[in-house]
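One structure is given here, and the rest of the page talks about it.
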Amino acid sequence: MPEAYLMWNHSDQGEVAQLSSILHYDLNTTGYNLLSRKGISGRNQKTYHSGLQTYGLMDKKPVRGMLTLPELQAKVEVGEIETIVTVFSDLYGRLFGKRITPEFFLEHTAKLGMNACNYLMTVDMEMDPVPGYKYASWELGYGDFHCMPDLETLRVASWLDKSALVICDVGDESTHELVSIAPRSILKKQIAAAAEMGYMAQGASELEYFIFDETYASAILSLTRRMPVPEASIMPI
């Protein structure tokens, strides 16, 4: 399922599809194929593919770090991967889930998924359950939902030691149908609605950071030198 998309505008005459914005594109998807089948044809389709080629979005280059199950198996066998971080998104976009041993993931989780408590879709930022949700609450009782790994998202978690990461779809515990209030379910529904109109929506993350002129150690040392010494800590000799 595409997770990053292109947005196109049609002219009033409907003759040319113009690229309105390119923010991000996940080369692991084939999203442009979906749009070429939906609402873009003839000269519009030719213009569309020309725009993709201009921005290099039709290059089928492999995405660095992405894994297939056989590639994961190979890394496990040589000791490069020891943990599979198997996650889903809560209502705030935070990733929750489980750290699973690679052997159990390959034998069980990759095929059958895993369960997690549905209260995780009703908590606030402090992880306290919020009352009033129709999906789950103290009054209704809390149960489980089913998490099915989307193996197209399987990748090396290079920021973690010997770990891989995979994102799950959240489904009903019994039927395994997508839970409608789960963020990934909502995203898929909106993608389908946009595709029916001949569009692909596109999003990207904005990363903000600070750059310092010194190391953590020197910054701490500088701070401690400027800190006043409490009178209570001064002992007479």
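The values are calculated or read from the model by the stated rules, or taken from the named source; none is laboratory data. No experiment lies behind these values; they were computed from the predicted model shown. With ideal geometry, Cβ positions are generated from the backbone for all residues, glycine too; neighbour counts draw on all protein chains shown.
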Among residues of the stretch 106-124, those that are hydrophobic (A, V, I, L, M, F, W, C), over 19 Å from the mean Cα position of the chain (by Cα) and under 19 Å from HIS176 (Cα atoms), counted: 2
Pairs where the first residue, in the stretch 118-147, is over 21 Å from THR175 (Cβ atoms) and the second is of a type in the set (D, E, K, R) and in a loop (DSSP other than H, G, I, E, B), C-beta under 9 Å, 6+ apart: VAL123/ASP90; MET125/ARG94; VAL130/ASP124; PRO131/GLU139
Long-range neighbours under 6 Å by Cβ, at least six apart or interchain, first residue in the same structural domain as ASP124 (by TED's automatic domain parsing) within the stretch 75-94, second of a type in the set (Ser, Thr, Tyr): THR83/SER163; VAL85/SER163
Filtered residues of the stretch 99-115 (kept if surrounded by fewer than 16 Cβ atoms within 10 Å (Cβ to Cβ) and not in a helix (DSSP H, G or I)): ARG99, THR101, ASN115
Count of the stretch 132-153 residues which are assigned to a strand (DSSP E or B) and not aromatic (Phe, Trp, Tyr): 7
Of all residues making up the stretch 155-165, the number that are part of a strand (DSSP E or B), closer than 15 Å to GLU82 by Cβ and in contact with a Leu (Cβ under 7 Å, 6 or more places away or on another chain): 2
Verdict on ASP161 being under 16 Å from the mean Cα position of the chain (by Cα) and of a type in the set (Asp, Glu): no
Candidates MET127, MET148, filtered to the one that is in the same structural domain as VAL76 (by TED's automatic domain parsing), under 26 Å from the mean Cα position of the chain (by Cα), on the phi > 0 side of the Ramachandran plot and surrounded by 10 or more Cβ atoms within 10 Å (Cβ to Cβ): MET127
